[in-house]
Amino acid sequence: MSQMIAAFFERLNDTQGLNFSIFYDAFDRSRFLTGLWTTTYICVASILASLAIGLIGVWIAGSGSRLGRLLVRTYVQFFRNTPPLVQLSFFYFAVGGVLPTVSDGFGGQSPLISGTGWAIIAFSLFAGAFNVEIFRAGIEAVPETMVEAAESLGYTRFQLWRQIVLPLAFRICLPALNNNLVNLVKTTTLAYAIGVPELLYAASQIWSEMFNVREMMNVLLVVYVLLVGVLVWIMHRWEKAMRIPGYMP
Amino acid sequence: MKKLTALALAFAATLAAAPAFAQDTLAKIKEKGVLTVGVKNDYKPWGFLDPSGKIVGLEIDLAQEVADKIGVKLEMIPVIAANRIEFLRQGRIDLMIATLGDTAERRKQIGMIEPNYYAGATNVLAPKSAGLKKWEDLKGRKVCAVQGAYYNRRVSQVYSPELVVFPSVPDGLNALQGNNCVAFLFDDTLIVSTLSGGDPKWANYEMPLNSEDPQLWAVAVRLDDLDGAFGKLLKDMSVEWHKSGKLLALESKWGIKQSPYLIETNKKLKGGS
């Protein structure tokens, strides 16, 4: 089967000049699959981390501590109001350069955090800043009376959040959260600028050697449509599963 | 299903839409009064930005001479390795003088003007402390490189380093300075000129390996133009650049070590006339 596919695309190149080298050239295919894996890995890691950052951020922002509130506000302003590509370059070239190095196993030194590591950190912080605001919007939409009722029953702040505020807030902010996470998946292409072997990077390596820019551009677009499609499908399933009949959103 | 078919057709249409060009580029350039040339602006001293932000260098001098010869104004478009061939094919530039290696694969895409105007080979720039002795030492280690360079594929297939590839030369060099990789894979001409530039930043760096895979550099035009009037003009100019010693003179002007290729070609062409 795989040989038939390879033969088909090889013929397509010879006869039509449509060069989809990733389907018949083993070297190009392995580069492309590495790219697909790296992109998926960065997406999953930064989606999870950005959700955690959003939750922790909104918890601190809603707590009594003035210093905590100030810190979260500063963080949100800083990461929401600067371009992600600038943040990425800043971490990789500026911060990465002054961090201590570790042995690379060949008697030399290599940096503590790799390009992929910095990409995950930068994208998590970037999307996390938006998540803080998205969760805040959800939490503020939970009816005051419900919170007061729970408080009168003697709920602690943590119990109140875990059992009443977050479950309701989550349902309210899911559409906005979906948007932000879809955006995050697309933002991962920026990692190309610091040499992280993700999809765009792999594709541009291939087209600069095989001269098949148009073919690879089409492949890239289709792959991203599929990737984002999977994420949206999962989020919709989740949204549906969490629906409470009769409750507002 | 209908929708899918429509989508597939749309993609097929973008694939099939090959660029079409009018034939006589030289006449078109004269009519426009402008020669558009793709050049490098990050490849000292072949094409780089001087302190005032102007693009200067050996290749820029060549581009200016072509424009003067045709009698039109010169417009320079900075290109990078990853986009330059598409720029030329799509007609965004008429001519490319951008440290382009002349390979068989590329000859199918664009027209290479002969005689070639320069020659380089592949090597790495590495800190002396890395202790690299031979190419095999690169195996499994991180090596910075620049996108679209012809030697990336060969080096990664033969010596299997872990290539970390950046969009431009300064990004790659920054990453090397930040210890993000053990060496920077590049053309030896740029490495020599970087090392001999006297910048204290590079005092502890060296070019430790034997240069490999010598490669000629070519001025390039679209395939249609190669045998047309425009290609003919450039071929004649290129012969003249070698014969008159113009290229050798430009080397000394820009502080480049005399390349054996230029000396040899100069002798050959002079003897032949």
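Every number here is computed from the coordinates shown, using simple stated rules; none is lab data. Note that this is a predicted model, so its numbers are computed, not measured. Note that we place each Cβ from the backbone using ideal geometry, even for glycine, and neighbour counts take in every protein chain shown.
How far is helix A:166-187 tilted, in degrees, relative to the longest principal axis of the Cα atoms in chain A, given as a value from 0 to 90 rounded to the nearest 10?
That works out to roughly 20 degrees.
In debye to the nearest 20, how big a dipole does the stretch B:30-121 give about its Cα centre with +1 on each Lys and Arg Cβ and -1 on each Asp and Glu Cβ? Walk me through the intermediate numbers first.
Values: 13 positive and 13 negative charges, 51 e Å.
With Lys and Arg at +1 and Asp and Glu at -1, about 240 debye.
Whose amide H sits under 5 Å from the amide H of B:VAL34, counting only residues 5 or more places off or on another chain, with H placed in the peptide plane?
Amide H neighbours of B:VAL34: B:LYS73.
Which angle between 0 and 90 degrees, to the nearest 10, do you get for helix A:66-80 versus the longest principal axis of chain A when only C-alpha atoms count?
Long axis of A:66-80 versus the principal axis of chain A: about 30 degrees.
Add -39500 (n - 2.57) for each DSSP H run of 4 or more in the protein assembly as shown, then divide by its residues: what number comes out at 222 nm, to the nearest 500 deg cm²/dmol? Don't skip to the end; give the middle numbers.
Working: 22 runs with 286 residues, N = 522.
Computed ellipticity for the protein assembly as shown at 222 nm equals -17500 deg cm²/dmol.
Once phi is turned into ³J(HN,Hα) by the Karplus curve 6.51 cos²θ - 1.76 cosθ + 1.60 with θ = phi - 60°, what whole-Hz value does each residue of the stretch A:223-237 show in order, with x for glycine and proline?
4, 5, 4, 5, 4, 5, x, 4, 4, 5, 4, 4, 5, 5, 4
Could you name the aspartates and glutamates in cross-link range of B:LYS270, using Cα to Cα under 19 Å and dropping any fewer than eight places away on the same chain?
Leaving aside aspartates and glutamates fewer than 8 places away in the same chain, those within reach of B:LYS270 are B:GLU114, B:ASP236, B:GLU240, B:GLU251.
If contacts are Cα pairs under 8 angstrom and at least 6 residues apart, what is the relative contact order of the stretch B:120-212 in percent?
Relative contact order of the stretch B:120-212: 47 percent.
Rounding to the nearest 10 and keeping the result within 0 to 90°, find how far the Cα-based axis of helix A:199-210 lies from the longest principal axis of chain A.
10
Let me see the P(r) profile for chain A: every Cα-Cα distance counted, bins of 5 Å, each bin given as a percent of all pairs.
With 5 Å bins starting at 0, P(r) equals 1, 6, 10, 13, 14, 13, 11, 10, 8, 6, 4, 2, 1, 1, 0, 0.
Taking amide H positions as placed in the peptide plane 1.01 Å from N, state which residues far from B:GLY111 in sequence (5 or more) or on other chains have amide H under 5 Å from it.
B:VAL221, B:ARG222, B:LEU223
Can you list residues whose amide H is under 5 Å from B:ILE77's amide H, if they're 5+ apart or on another chain and H is modeled 1.01 Å from N?
The list, which skips near neighbours in sequence, is B:VAL37, B:GLY38, B:VAL39.
Filter the cross-link list B:LYS73/B:LYS257; B:LYS73/B:LYS253; A:LYS186/B:LYS128; B:LYS54/B:LYS201 down to pairs whose alpha-carbon distance in this structure exceeds 28 Å.
On the way: B:LYS73/B:LYS257 31 Å; B:LYS73/B:LYS253 23 Å; A:LYS186/B:LYS128 40 Å; B:LYS54/B:LYS201 24 Å.
Over 28 Å Cα-Cα: B:LYS73/B:LYS257; A:LYS186/B:LYS128.
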